[in-house]
Amino acid sequence: MHRGIRVRDNKYSESDIIINDAYYYVLILKQVKEVAINVVNYNISDCCILFLSPFQLARLHVNEHSTVHILHFHADFYCIEYHKKEVACNGVLFNNIFEQPFIHASPNFSDEVYWFFERIARLQKSNESYDSSIMKSYLQLILAICNKEMVLQRRKCTTAAIHSLSEFTDLINENFIRHRTVQFYADYYKMGKSTFSKRVKSEYSRTPLELIQERLILEAKKLLHLTYKSVKEIASELQFQDVFYFSRFFKKHVGVSPKKFRDTVGIAEVAKKSI
């Protein structure tokens, strides 16, 4: 597996593009009307920029009018956890199960991001040893300006909409390991389970159970990537009854086993430096 960074441009006929591998992705999408991330379908604008984390299943429906500019990078090349102070994109662009994983882009903004794509594409054809550090600098700039735009767009959405379940994300983040039943969260809001599930589905496009399970998977991925804990230790920390059940649960939702995930994504520099 190539553990660096790559840029490519593609035009397609009527088809689906499926992405599900060990890379982080930044995609500039033009005239791509339908995007599905895991179990959620999104209708997007004529031009948007999409962000994917490792082994996050994405399906893009494209046609002859669509253009897809793809940048992907491996955590061994650029670890967003290790460099989080520089770009603050972890939890904003990547690894956020509660928000839409894309920004609506104006022609000027998408052109600005694509300019950096082009510079990285030129450098990746070179054999100069110092080019890697320059490509990392370009990548940091891409993530920084996209992070800023994502934050601005989310603020506008928050101002425009009043979420009746605004505490729900905090509630899951605090309780997802100990409390995995929908009933616990429905009781917190003093709602019936069915009514609560409908409200959550209308606001987050996923059921409460799907969000709880996605949060568990996100935590498992973090522990596999950011620590040297064994799969058995991680299963115990997440309060699974045994390592075999945890492995089956993880593979069902991610598509690969915990061991395969760790082998392909790797262990981050932050884990190595903590030893």
| task | Rounded to the nearest 10 degrees, what's the angle between the helix 193-204 long axis and the longest principal axis of the chain, both from Cα atoms, 0 to 90? | result | 10 degrees
| When the chain is treated as a GNM, springs tying every alpha-carbon pair under 10 Å, which of SER230, SER205, SER194 comes out with the largest mean-square fluctuation? | SER194
| task | Rounded to the nearest 10 degrees, what's the angle between the helix 208-226 long axis and the longest principal axis of the chain, both from Cα atoms, 0 to 90? | result | 60 degrees
| query | What percent do you get for the relative contact order of segment 5-160 when only Cα pairs under 8 Å and 6+ apart count? | reply | 27 percent
| How much of the DSSP beta bridge set in the chain is antiparallel, as a percent to the nearest 5? | 95 percent
| task | Could you work out how far helix 107-124 tilts from the main Cα principal axis of the chain, as a 0 to 90 degree angle to the nearest 10? | result | 70 degrees
| task | Scan around ALA105 for amide H atoms under 5 Å from its own, H built in the peptide plane at 1.01 Å from N, and keep only partners 5 or more places away or cross-chain. | result | CYS47, CYS48, ILE49
| field | 13 Å beta-carbon shell around VAL231, net charge (K/R +1, D/E -1) | value | +4
| message | Below 11 angstrom from the Cβ of ILE70, what's the summed charge of the other residues (Lys, Arg +1; Asp, Glu -1)? | response | +1
| query | Simple spin-label model, 7 Å along Cα-to-Cβ: LYS260 to TYR228 in nm? | reply | 2.7 nm
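Quick note: the coordinates plus some simple rules give every number you see, no bench work behind them. All values derive from a computational prediction rather than experimental measurement. Neighbour counts are summed over all protein chains in view; Cβ atoms, including those assigned to glycine, are modelled from backbone coordinates with ideal geometry.
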